[in-house]
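Below is one structure, written out as structure tokens; comments come after it.
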Amino acid sequence: MTRSELQRLADEDLMPLVAAKDPIAFEVFYDRHGGAAYSLAYRIVGNSQSAEDVTQEALISIWRSGARFDRARGSVRGWTLGIVRNRAIDLLRRDSGRAPKLAFDSEEVLERRPSEDLTDVEALRRETAREVRGALSGLPDDQSRVIQLAFFGGFSHSEIATMLNQPMGTIKGRMRLGMEKIRAALAEGVYE
Amino acid sequence: MKGHPSTDDLAAFALGALDLKEQVSVADHVDGCERCATELRDRLNPAVGVLAESVEQIEPPPSLRESLMATVHEEARAGAELETPRPSRKRSRLGAFLMRPAAGLATLALVAAGVGGYLVADGDQAATETVALPNSLNGAGGTLVVEGDAATLHMHDMVPLDKGDVYQVWVAGPSGVEPSAAFVPHSDGSATAAVPEAAGDVDEVMITRESRAGRTAPTLNQIVFDARVG
């Protein structure tokens, strides 16, 4: 299959070719998801070298592990970002001396990446991410905080409960309420 | 786990925020529960996906793509060699891999791979051999990459361990069975371990599940993989 044919395949049809060790299929996979993977890793680990290491490890594990993607469990994008997130959190936990970042990405990062260099698709992706951040900022602070600590900081609900001096049930309840609000916004098309 | 996890627990699970034991327990439940699996797939995971997509999008450095693609193309070439061995190539000392599940899982069948390894570089270059360990029935598997005096084990879908447990790699050679690396898989079941002993004169590589690192002999009823490399 040629590169242009591979580029026309849906993610779900591309992954069996990656599993079959087609390097061009992997290139197409990387071109679709590498940027989001690196961005998420950067958000979690907070520096470019570690983000590069985490992304490389995660994507190579996908290449080496063969046919593990199960379309019944969700999207290729979600699966990939889940693997990247796990690797990044593992790194944070290994490096226990470093506190995770708790705020969303700074404007400084934006300024380093001039938008005129972006392709249309990339610019749209960034615009969507900006809109999503705006919608997430509408969550009540107590819900947003526990979700950020868990997802981007890798803290468990019991660690967050200790950190915030709140009962564990309260922390899990806030997580659920926040997730329900995100889910409701999804259903209304806020994040589409 | 008795009954379904609470909605609070399922949301915390989707965020990866449960403590390890709870995380494993809910994962086991979800594997066999269509209702909870559907809740996760259709409602919670998309919400988690929104979080992952919400981060500021920044351009990865070109070196990331270059490095990844160099590895991928090299391993694809090595894989092609495995599938179509050329008589002119030197047959590796890495022979067929045989993998068997833990002895305690007697209902699982023996899985034989018959995958050979081949040198992919000769002369002054360090020789690289990549040997695939076929997936076990629960999906675990991996590769052993030998390059000169170095060898690295890349595993995937390893079963999570109880706190304190480790996977221990053993190599068997002329002088007997010796311990190599011990490792704990990442939360996604993957693991990478340097096993330089496997690059030497060895007949067999084994992985056992042990209650602690530092054992001098394998607990034989905890064998997870048994790879003959002689």
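The values are calculated or read from the model by the stated rules, or taken from the named source; none is laboratory data. Quick caveat: nothing in here was measured; it's all calculated off a predicted structure. Cβ placement follows ideal geometry from the backbone for every residue including glycine, while neighbour counts extend to all protein chains displayed. Protein only, heavy atoms only, side chains kept; ligands, DNA and RNA dropped before computing areas. Shrake-Rupley method; radii C 1.70, N 1.55, O 1.52, S 1.80 Å.
Descriptive notes on the structure:
- Shielding by partners, peptide B:60-73 (average Cβ within 10 angstrom, other chains): 6
- In this structure B:E178 has an accessible area near 80 Å², from a 1.4 Å probe over the protein heavy atoms.
- Surface accessible to a 1.4 Å probe, B:R215 within the full protein complex, Å²: 60 Å²
- Computed from the C-alpha gyration tensor, the three semi-axes of the ellipsoid equivalent to region A:17-58 are 23, 9, 7 Å, from longest to shortest.
- Peptide B:141-149 has a mean shielding of 1, counted as Cβ atoms of other protein chains within 10 Å of each residue's Cβ.
- Region A:1-93: chymotrypsin sites (Phe, Trp or Tyr not before Pro) falling in loop per DSSP and having at most 13 other Cβ within 10 Å: none
- Heavy-atom accessible area order for B:E22, B:E210, largest first, 1.4 Å probe: B:E22, B:E210
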